[in-house]
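Read through the structure below, which is laid out as structure tokens, and then see the notes.
Just so it is clear, none of the values below were taken in a lab; they were calculated from the coordinates. Everything numeric here is computed off the predicted structure, so don't read it as measured data. When we count neighbours, we look across all protein chains shown, and the Cβ atoms used for this are built from the backbone with ideal geometry, even at glycine.
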There are 4 protein chains.
Amino acid sequence: MINAGIVGASGYTGGELMRLLLNHPKVNIEAATSRRLSGEAVSDTHKHLRGFSDLKFEDLGPEEIKERCDVVFVAVPHGTAMNIVPELIDSDVKVIDLSADYRLKTDIFEEVYGIEHADPRDAVFGLVELHPEIKDQSFIANPGCYPTGATLSAAPLAAAGLLKMAIFDSKSGITGAGINPTPASHYPNMAENVQAYKLTTHRHRAEIFQELNRLDSKLTDVSFTPHVIPSIRGILTTAHLFVNDSLSVEDVRDIYTDFYKDKPFVRVLDDIPSLGAVRGSNFCDIGFEVDANNGRIVVISAIDNLVKGASGQAIQNMNVMCGLDEITGIWTPATSP
Amino acid sequence: MINAGIVGASGYTGGELMRLLLNHPKVNIEAATSRRLSGEAVSDTHKHLRGFSDLKFEDLGPEEIKERCDVVFVAVPHGTAMNIVPELIDSDVKVIDLSADYRLKTDIFEEVYGIEHADPRDAVFGLVELHPEIKDQSFIANPGCYPTGATLSAAPLAAAGLLKMAIFDSKSGITGAGINPTPASHYPNMAENVQAYKLTTHRHRAEIFQELNRLDSKLTDVSFTPHVIPSIRGILTTAHLFVNDSLSVEDVRDIYTDFYKDKPFVRVLDDIPSLGAVRGSNFCDIGFEVDANNGRIVVISAIDNLVKGASGQAIQNMNVMCGLDEITGIWTPATSP
Amino acid sequence: MINAGIVGASGYTGGELMRLLLNHPKVNIEAATSRRLSGEAVSDTHKHLRGFSDLKFEDLGPEEIKERCDVVFVAVPHGTAMNIVPELIDSDVKVIDLSADYRLKTDIFEEVYGIEHADPRDAVFGLVELHPEIKDQSFIANPGCYPTGATLSAAPLAAAGLLKMAIFDSKSGITGAGINPTPASHYPNMAENVQAYKLTTHRHRAEIFQELNRLDSKLTDVSFTPHVIPSIRGILTTAHLFVNDSLSVEDVRDIYTDFYKDKPFVRVLDDIPSLGAVRGSNFCDIGFEVDANNGRIVVISAIDNLVKGASGQAIQNMNVMCGLDEITGIWTPATSP
Amino acid sequence: MINAGIVGASGYTGGELMRLLLNHPKVNIEAATSRRLSGEAVSDTHKHLRGFSDLKFEDLGPEEIKERCDVVFVAVPHGTAMNIVPELIDSDVKVIDLSADYRLKTDIFEEVYGIEHADPRDAVFGLVELHPEIKDQSFIANPGCYPTGATLSAAPLAAAGLLKMAIFDSKSGITGAGINPTPASHYPNMAENVQAYKLTTHRHRAEIFQELNRLDSKLTDVSFTPHVIPSIRGILTTAHLFVNDSLSVEDVRDIYTDFYKDKPFVRVLDDIPSLGAVRGSNFCDIGFEVDANNGRIVVISAIDNLVKGASGQAIQNMNVMCGLDEITGIWTPATSP
């Protein structure tokens, strides 16, 4: 059994890691840390876990974590992870960081986040479908929720050198903003609404750009506009993709099915994805249409932001890093309707 | 492996049976029937199952079902099941009927549903927590969704002979009304609303009454008023229970925890249950307060109507009927938040 | 024109007072106070009022308010109003207090709210349908949201001396908890949920009891259990009413239609009320069924908690106090669907 | 008083016309037609109107409508209006058609809708902010819901000759799909979801294109992708606008505020619009950001699809056609929250 630790386990990604790991046949949840809740039962915070785990939150230093755990998921805010990861990483423990701290090249990170990086090291970007080299890594930067759905929606065209410009218009459930109440998560503000925000300046654009540009260095025109919708979970991304060639529906279908042919968690559909069909699961569903007017290809991707967009993908990374089948423990259909 | 068949698999309970059975280590889904959809892929209707099953809907007669299946779940409307069950039941196949047809004693059924019963046989009521005799049965009438949550909220007091009068005020998610669109499920009618209906005449009252009266034949005053809330899943029942003795919080807690002490799917809580903590799971969470004014005990129970209120409970019944551990394949935490 | 002031105008009831008063043909909104937001435009907080009002929040003392205003709405939290009202009330200004401070007799208030009353004076309870004496008052305690819907659902039976026991099971929209984000208003906690709380101890029970007991002093058994539903606005109350006589549907209908015959804002329906049909309006819709099993009468009332449950009712009170037609400025159909 | 008739009054736009007209000081609702519901009370269908109107649906021929009405709103489906309008229009009655039949030039209509036009006449497109010539018309084609929000979001840049390419990504509430239940409006399908549809082929694209191209004939690249969100009302449009000049925030602000300076129902904001601030009202709120990366301007517009997107705009047209102040009877703030 793999002994897993979760650093910063009181939030949504921590809770979701535990929900998923409890069903993982090869993992024992060894430790869940929270300075603030140290000593309290994990299931007092994550009430759906009552009956499943007697675990208590602990306030652990890196030495004890490394001693007890084989794999550590770091689920703390950006800016904090960079102070924790270095003390964990220099060891034989495998580390998967769910924060933003190691997703971007250091100089880009510092520019985008406006803070100096305390630990300027490179990490592999943990989007399993694009990074086969994950299997040799002991440290992975788990992708952001928006970049997961956006990048997967456009990667096949970028990899084929066909993508000229990409505009990602994403719609996210409200758990993307975290477990703490704010005006933006206040029910009367969000119900019966859809709230656009950071129309041109969201930090996740840099991740999407980095990944697509890596697939095609000629691609420079990448835009991203996020919205919050009245849904607990899920991200639906509408990718308006302009290509530099005339592509038929069959062309596009071939490109996508071929690109994702050995990727069990990406389903290329004949119809338009919905959030219900991925809710609680690690899938990314993709559908598309070709615009007869201007060659625009509209690709829709649907993920669960807490699973494929965070905790499920982290476990998918763990599986690959540990030599397990990629789908181990997370091959579960969505809870639908 | 147990070969399972689902008769009438195109609706929500059919889809949920498949979602759950796909994760059951001892079950193979052998057949899913639908006359209307015969020949179509199951995953064209239940899109969240794409990638999990190549099953096609079939239009099968009882002989073929019995030949291929060890267990049959009947998920057709009330009034229809009574014409299918008799042809299945006279065999060594185990049958679990999810319709209302066999839940009530025949005379009560005919009175409540206003139709003549085509197959007036007795069946054990498949509320596992109350019916240990399920383990010897080959035919079970799976309880209704409302009766599951309502009966479990009051059973300990009824069994103790303490319950004088019970008023169940239940709030159900909209999947309770089925997969077909109606004005009652039309989004603009149900969002931002809570809709009471059949204030005094809902048929499920008879099931609740039958079960509680079985525990205490002196109990006659049982009322039930259902509501639909803007939620996909879940039933929260507020049980206003009047008792014929003065009970302290500790008394009530002892009665409930003792009654449910070996029942893994009932969690007696110190706080008030929420639908989120049971969503997608087979749990029934129970909490309560004692009214200092008049001895009323207000018990809240929360279930997922499609799981503990239907398909999960059917599998729980199957587990017991087949000699498996009651929790096999359905010991999964809720998808929360 | 009546010059109206709103003390504590930054919350939902303040915003709703302004929305409604802007359409009132006899009222000028003279002042809106907020210590915290003093100097800021009212429409920066209440964004739907942009273009309608150049008003700025002010931090005003009682003297200035009295000088500038003919009517003052006090929309501050309970415990605060009692320190503001006395300085306003001793004048020719009309005062309508929307807090809980003056709704209950002083001794009951102190017991229920656990604080000493700084200003133990009596006030008329501003439920216009029950208190014709409002027209002679210069100070009114505007009812709570839950008590409005609950009391109106049972008052006709209480007034007829027929009510033996009342159990109010109420379902409220989330604006009832106010404008400030809390875990209870956090979208992921409340969507797809219905949350029961204070099952037996909610303070509004005392108001309901006081009003019904005033109509029938023999009535003592009144219970109240509140819930929050995923809706922005609205309270649906399910009143389980036990009567000491056998009443037919026609009897009950006669009692209700007669009782409310000159009350324009109460609509006694032939069907079951919905929140949509009262949304944004000052109506209280009432429907019912008689339980053939036990003589229980189930009455459903539907109101908009911010209108008939707060600000609309306050204006209705103002109209009566000022000698205007009760419906002036608030005779508007619901925004439905 | 203007006597108004509504042809096809049983749907959402018919109900909304009546809700709004009931508050219009210059209008008497003279007739509401519905063949199917003829003889039934209007308030049996539109329950929020109970107490406001004794009107019954009638099945009227064009002669009788013309005789009784000064203004006729035609609220029947596209393809039907073209058979009704000609019989109404040849008279001194003013006609406002809310269907799609007269919004496009005939040849474009026939191409987009795939049907032959029975009445190939030109009509002025009733977007008041862009068509001052409405004041001289007796027949107006009221714009579609999506085209209203999309066109207003981009018109100032198009009119300035600055718009090179426009991609409209719109998110609509579910009432946009009408009053009849369908799988697309089934609560369990739409809650917790956002559903993209007709990614490249929605008919409303032609209206948007026609209007923007009219403002700048060089503009040819206009895309439109609609989505349905879990909201009853509202359309939020995210307009990704590419311009052929480098524009600062101040430039854009000047262009928009200047363009809309005498348009009372368009509010150009400093922040990002929300649906709550326009709910139930006739406003179109507009906000924007300039993308520092690529000169893209992201403009957000928010409308209520049933008001500014349909019935409110129809009344705005009526006001102008009848020589009334444009805002008469519809100058009402949103019902918010």
Quiz item: Could you give the angle, 0 to 90 degrees to the nearest 10, between helix C:204-215's Cα long axis and the longest principal axis of the Cα atoms of chain C?
Solution: 60 degrees
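How would the protein assembly as shown be classified by its alpha-carbon gyration tensor: rounded, prolate or oblate, with rounded meaning a/c under 1.5 and the a/b versus b/c comparison settling the rest?
Values: a/c = 1.35, a/b = 1.03, b/c = 1.31.
Rounded, because the longest to shortest axis ratio a/c is under 1.5.
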Exercise. For the stretch A:1-55, state what percent of all Cα-Cα pairs lands in each successive 5 Å bin, counting from 0 Å until the bin that includes the largest distance.
Key: 5, 21, 36, 28, 9, 2, 0
Quiz item: When we measure straight from the Cα of residue D:164, which lysines land under 22 angstrom away, once same-chain ones fewer than 8 places off are left out?
Solution: A:164, D:218
Quiz item: Got a sec to turn the phi values of the stretch A:227-233 into Karplus ³J(HN,Hα) couplings, 6.51 cos²θ - 1.76 cosθ + 1.60 with θ = phi - 60°, whole Hz, x for Gly and Pro?
Solution: 9, 10, 10, x, 8, 5, 10
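Of the beta bridges DSSP finds with both residues in the protein assembly as shown, what % are antiparallel, to the nearest 5? List each step's numbers first, then the result.
Numbers: 107 of 235 bridges.
Antiparallel: roughly 45 percent of the beta bridges in the protein assembly as shown.
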Quiz prompt | Percentage relative contact order, the stretch B:146-305, counting C-alpha pairs under 8 Å, at least six apart | solution = 31 percent
Exercise. Along Cα-to-Cβ, 7 Å out, sits the label point; list in nm, shortest first, how far the one on residue A:23 is from those in the other copies.
Key: 0.3, 4.8, 4.8
Quiz item: Can you tell me the Rg and Dmax of the stretch B:267-334, counting just the alpha carbons, in angstroms?
Solution: 14.4, 48
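Where in the stretch A:202-237 are there trypsin sites (Lys or Arg not before Pro) that are in a DSSP coil and have at most 16 other Cβ atoms within 10 angstrom of their Cβ? Before the final figure, lay out the partial values.
Numbers: sites: A:203, A:205, A:214, A:218, A:233; in loops: A:203, A:218, A:233.
Within the stretch A:202-237, the qualifying trypsin sites (Lys or Arg not before Pro) (loop, at most 16 other Cβ atoms within 10 Å) are A:218.
Loop-only check: which GluC sites (Glu not before Pro) in the stretch A:60-148 are DSSP coil with at most 16 other Cβ within 10 angstrom? Can you show the working numbers first?
Numbers: sites: A:63, A:64, A:67, A:87, A:110, A:111, A:116, A:129, A:133; in loops: A:116, A:129.
The qualifying sites are A:116.
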Self-check item: Under 12 Å from residue A:135, Cα to Cα: aspartates and glutamates that are on another chain or at least 8 residues apart
Solution: A:325, A:326
Quiz prompt | Nearest residue to the symmetry axis between C and A, taken on chain C by its Cβ, in whole Å | solution = C:181, 2
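Sequence gap at least 6, Cα distance under 8 Å: using those rules, report the relative contact order of the stretch D:269-337 to the nearest whole percent. Please list the in-between numbers first.
Details: 113 pairs, mean separation 26.1, N = 69.
That works out to 38 percent.
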Exercise. Return one number: the angle in degrees, 0 to 90 and rounded to the nearest 10, between the long axis of the Cα atoms of helix A:249-259 and the longest principal axis of the Cα atoms of chain A.
Key: 30 degrees
Quiz item: Can you give the mean number of other chain Cβ atoms that lie within 10 Å of the Cβ atoms in peptide A:55-63?
Solution: 0
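Taking each residue in B:281-291, count the Cβ atoms of any other chain within 10 Å of its Cβ, then average. What number comes out?
Values: counts 3, 0, 3, 0, 4, 0, 2, 2, 6, 2, 8.
Other-chain Cβ atoms within 10 Å of each residue's Cβ, averaged: 3.
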Exercise. Give me the Debye-computed log₁₀ of I(q)/I(0) at q = 0.09, 0.12, 0.19 Å⁻¹ for the stretch C:146-304, equal point scatterers on Cα only, no solvent, two decimals.
Key: -0.29, -0.50, -1.18
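Using just the helices of chain C, give the 222 nm mean residue ellipticity in deg cm²/dmol: DSSP H runs with n ≥ 4 each add -39,500 (n - 2.57), and the total is spread over all residues, rounded to 500.
Details: 10 runs with 90 residues, N = 337.
Calculated from helices alone, the mean residue ellipticity at 222 nm is -7500 deg cm²/dmol.
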Quiz item: Cross-link partners among lysines for residue D:47, C-alpha distance below 26 Å, same-chain residues fewer than 8 apart left out?
Solution: B:171, B:198, C:171, C:261, C:263, C:308, D:26, D:56, D:308
Quiz item: Between residue A:92 and the same site in the other copies, what are the distances in nm, shortest first, taking label points 7 Å from Cα along the C-beta direction?
Solution: 5.3, 9.2, 9.9
Self-check item: Footprinting exposure proxy for D:24, D:186 (fewest neighbouring C-beta atoms within 10 Å first)
Solution: D:24, D:186
Practice problem: Return the percentage of antiparallel bridges among DSSP beta bridges fully within chain D, rounded to the nearest 5 %. | Solution: 45 percent
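Please report B:192, B:30 as a ranked list, fewest other C-beta atoms within 10 angstrom at the top and most at the bottom. Each step should come with its number before you reach the end.
Numbers: B:192 25, B:30 18.
By the 10 Å Cβ count, ascending, the order reads B:30, B:192.
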Quiz item: What per residue convex hull volume, in Å³, do the alpha-carbon atoms of chain B yield?
Solution: 134 Å³
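Past the 23 angstrom mark, what percentage of all C-alpha to C-alpha distances in the stretch B:28-162 do you count?
Taking all Cα-Cα pairs of the stretch B:28-162, the fraction more than 23 Å apart is 44 percent.
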Practice problem: Tell me the distances, shortest first, between residue B:38 and the same position across the other copies, using label points 7 Å along Cα→Cβ, in nm to one decimal. | Solution: 4.4, 6.7, 8.0
Quiz item: If we count other beta carbons within 10 Å of each Cβ, what is the order of C:225, D:257, fewest first?
Solution: D:257, C:225
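Using DSSP to define loop residues, name the trypsin sites (Lys or Arg not before Pro) in the stretch B:1-78 whose beta-carbon has at most 10 other beta-carbon atoms within 10 Å. Write out the running numbers ahead of the final one.
Numbers: sites: B:19, B:26, B:35, B:36, B:47, B:50, B:56, B:66, B:68; in loops: B:26, B:35, B:36, B:50.
For trypsin sites (Lys or Arg not before Pro) across the stretch B:1-78 that sit outside H, G, I, E and B with at most 10 neighbouring Cβ atoms in 10 Å, the list reads B:36.
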Exercise. Let me have the relative contact order for chain C, percent, based on Cα pairs under 8 Å that are six or more residues apart.
Key: 18 percent
Quiz prompt | Between the stretch C:57-96 and the stretch D:285-337, the alpha-carbon center distance in angstrom | solution = 37 Å
Practice problem: Working from Cα positions, state the angle (0 to 90°, nearest 10) between the long axis of helix D:312-321 and the longest principal axis of chain D. | Solution: 80 degrees
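Can you pull the semi-axes for the stretch A:66-119, root of five times each eigenvalue of the Cα gyration tensor, sorted largest first, whole Å?
Ellipsoid semi-axes (Å, largest first): 22, 10, 9.
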